[in-house]
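In what follows, a single structure is set out as structure tokens and then discussed.
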2 protein chains.
Amino acid sequence: MKFSPSELDTARDAVIFRDLIDAEFDPVITAATLRELGDGAYYFMEEDPANTAYVLIEGKVKLTQITPDGQQVILGYLVPGRVFGIIAILKKVTYPVSAEAVGKCRALAWDRPTMNGLMEQSPRLALNALRIMAGQIREFQNRVRELSTQRVEQRVARAVLRLARQSGRKTEQGVLIDLPLSRQDLAEMTGTTLFTVSRVFKEWEKRGLVASKRQQVTILIPHGLVMIAEDLPLNVDDANLPTDSNLWV
Amino acid sequence: MKFSPSELDTARDAVIFRDLIDAEFDPVITAATLRELGDGAYYFMEEDPANTAYVLIEGKVKLTQITPDGQQVILGYLVPGRVFGIIAILKKVTYPVSAEAVGKCRALAWDRPTMNGLMEQSPRLALNALRIMAGQIREFQNRVRELSTQRVEQRVARAVLRLARQSGRKTEQGVLIDLPLSRQDLAEMTGTTLFTVSRVFKEWEKRGLVASKRQQVTILIPHGLVMIAEDLPLNVDDANLPTDSNLWV
DNA sequence: TCCACAATTTGCGCCAGCGCAAAGACGTTG
DNA sequence: CAACGTCTTTGCGCTGGCGCAAATTGTGGA
């Protein structure tokens, strides 16, 4: 067997393989290659010809773009089970972002001919890919809307909450974001500067909403951040509101 | 025959039907319905269940989103030949944007079962749809990057140039943007206010870069706008630079 | 253990862009 | 042609957020 049981499990649960029957899934795994990268290495760079699609099995991957003048923008982080570089199913396209390993990473890989062949055998696979791309469009549209209409503090709050949902780990004190996350990183995710992020965080800490060490963030009162993200007034009483409010979709 | 020859031509040239042979294209047209809307009417609204995909044949369509607090954001304008609502090929999804007719519009329409059937007959059609979605992802990623890193004047310049490429019409004086385009509209496209757009335009007019009447914009010196969009210094000599510079990709 | 480097905080100055109000320009309609 | 509604401009005040420099606090490695 090429892969460990836990690797197989993660792959089996990946969104792109959802609802595949074993007869469809087995050939997929058989055709896969494992690609392991260390911290800071790149699966691919923006503008490279897109020839390989991946499913992340272990670790975290950071998606970035670089502006012409060298400024970096972080589009987001991937967690195990997420597909990336799926654009490689198309001929003659380039990756629109760079994919960088954050810590040690393992990912399954398929080149275009292989993946195309698999999709022909399994329409559901192609459909899933389509659905994922549709989701990405939606996500970026929302991102555009956020950047257009919200101010920095709200955007930072949203970014933190997004990360918490993806990579959050419950601890005694609250939800720890399980990523090395600097002020600079958050600035690049929200279109601001590390200084402004630092000030925002200091304010939040003063209010007891979050705690943070260097490159590490813990959310103490998620509800408080949601209030900020939604631009709702933050009353003293809010701490007693039911936490199952569906404000956060 | 259901459609006029010019309608057929526009459809034939639509990106989504690119490289289809007649044997593939004919059933597509046969299955199409024509949907005509007047100014301000909506093909669909954000959050509606997505059941119909369209190809615009005549007129312009505006794509918008509304923020929870009622602010509108313009994602872009469509011109004849563009597909929209393509997300409807998937089951159980909702439109992520609203599509509003700007002036009188005609569009071909297919419901999901029909379009899915067509795609099964014509893999190329499905592939084109995929490619279009990939292009949209790329476009929105760039938009996010712009909003994160550029300042208002640059973003407005880019928006104007984008519109000019899509809907520009050459006149004696320059390139006329063939759309009713208010300051408010530009503000909603670039994430700023109509006041700021107004001030930016006044400045550009003073410099002779553009001319504008109410709801109407003409670019007099495209190269000048490109310089602003690229954040390059605008020297007096620039007017003499070769216009085929590949700065604008 | 100590050093060198990376991340963070903080003070200070500044200005791009927002918000609002009011006035002006333009089109449209009865 | 008069009156109304919409779009646009402009003045004014204000502030959120940027930029930079310098101090401070970790942290990982030699």
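Can you list, shortest first and in nm, the gaps between the label point of B:Glu46 and those of its counterparts in the other copies, using a point 7 Å from Cα in the C-beta direction?
The projected label point of B:Glu46 is separated from its counterparts by 2.7 nm.
Place a label point 7 angstrom from the Cα of A:Lys213 along the Cα-to-Cβ direction, then list the residues of segment A:156-194 whose backbone nitrogen is under 20 Å away.
Of the residues in segment A:156-194, A:164, A:167-186 have backbone N under 20 Å from the label point off A:Lys213.
Quick one: divide the alpha-carbon radius of gyration of chain A by 2.2 N^0.38 Å and tell me what you get.
On the way: Rg = 19.6 Å, N = 249, 2.2 N^0.38 = 17.9 Å.
This ratio for chain A stands at 1.09.
What FRET efficiency do you get for B:Ile29 and A:Tyr42 if R0 is 45 Å and r is their Cβ-Cβ distance, rounded to the nearest 0.05?
Values: r = 45 Å, r/R0 = 1.01.
Here the calculated transfer efficiency is 0.50.
Skipping prolines and chain starts, which residues have an amide H placed within reach, meaning under 5 Å, of the one on B:Thr193, given they are 5 or more residues away or on another chain?
Here the answer is none, since no amide H 5 or more places off falls under 5 Å of that of B:Thr193.
Which distances, shortest first and in nm, link A:Pro68 to the matching position in the other copies, using label points set 7 Å out along Cα to C-beta?
Result for A:Pro68, in nm, nearest copy first: 3.7.
Just counting partner chain Cβ atoms within 10 Å, what average do the residues of peptide B:185-195 show around their Cβ? It would help to have the intermediate numbers written out before the result.
Details: counts 0, 0, 1, 2, 1, 1, 7, 1, 0, 0, 0.
So the per-residue partner count for this stretch is 1.
In nm to one decimal, list the spacings between the B:Lys202 label point and its equivalents in the other copies, with label points set 7 Å along Cα to Cβ, shortest first.
3.7
Rounded to the nearest percent, how much of the accessible area of chain B (1.4 Å probe, protein heavy atoms only) is carbon and sulfur?
On the way: 6180 of 12020 Å².
Of the solvent-accessible surface of chain B, carbon and sulfur hold 51 percent.
Suppose all protein chains stay in the model; what accessible area per residue would a 1.4 Å probe give for chain A, in Å²?
Numbers: 12020 Å² over 249 residues.
Accessible area per residue, chain A: 48 Å².
Each residue of segment B:135-142 in order: what ³J(HN,Hα) in whole Hz does its phi give by Karplus 6.51 cos²θ - 1.76 cosθ + 1.60, θ = phi - 60°, with x for Gly and Pro?
In residue order, the calculated couplings are x, 5, 4, 4, 4, 6, 4, 5 Hz.
Using a simple charge model, +1 on the beta-carbon of Lys and Arg, -1 on the beta-carbon of Asp and Glu, nothing else, what dipole does segment A:151-240 show about its Cα centre, in debye to the nearest 20?
In total the dipole reaches around 280 debye.
What is the Å³ per residue value for the convex hull set by the Cα atoms of segment A:38-175? Can you show the working numbers first?
Details: hull volume 18.7 nm³, N = 138.
Enclosed volume per residue, from the Cα hull, is 135 Å³.
Which whole-Hz couplings ³J(HN,Hα) result when phi for each residue of segment A:7-14 is put into the Karplus expression 6.51 cos²θ - 1.76 cosθ + 1.60, θ = phi - 60°, listed in order with x for Gly and Pro?
Those phi angles translate into 5, 4, 4, 4, 4, 4, 8, 4 Hz.
If each DSSP helix of 4+ residues adds -39,500 (n - 2.57) and the sum is divided by the residues in chain A, what number results at 222 nm, nearest 500 deg cm²/dmol? Mind dumping the intermediate values first?
On the way: 8 runs with 101 residues, N = 249.
Counting only the DSSP helices, I get -13000 deg cm²/dmol.
What figure, in Å² to the nearest 10, do you get for the accessible area of B:Asp69 with a 1.4 Å probe and non-protein molecules left out?
The accessible area comes out at roughly 120 Å².
Residue by residue through segment A:110-122, which ³J(HN,Hα) values in whole Hz follow from phi under the Karplus form 6.51 cos²θ - 1.76 cosθ + 1.60 (θ = phi - 60°), with glycine and proline marked x?
These are the phi-based 3J(HN,Hα) values: 9, 7, 4, x, 4, 5, 4, x, 4, 5, 5, 6, 9 Hz.
Please name which of B:Val73, B:Phe25, B:Val83 has its Cα lying farthest along the dipole of segment B:5-147 towards the positive end, using unit charges on Cβ (Lys, Arg +1; Asp, Glu -1) and the Cα centre as origin.
Value: B:Val73.
How long are the semi-axes of the equivalent ellipsoid of the protein assembly as shown, defined as square roots of 5 times the Cα gyration tensor eigenvalues? Whole Å, largest first. Don't skip to the end; give the middle numbers.
Values: eigenvalues 266, 212, 103 Å².
They are 37, 33, 23 Å, listed largest first.
The values are calculated or read from the model by the stated rules, or taken from the named source; none is laboratory data. Bear in mind that the values here come from a model prediction, so they are computed numbers and not experimental data. Note that each Cβ is placed from the backbone with ideal geometry, even for glycine, and that neighbours are counted across all protein chains shown. Quick note on the areas: whole protein, heavy atoms, side chains included, nothing else; ligands and nucleic acids left out. Shrake-Rupley method; radii C 1.70, N 1.55, O 1.52, S 1.80 Å.
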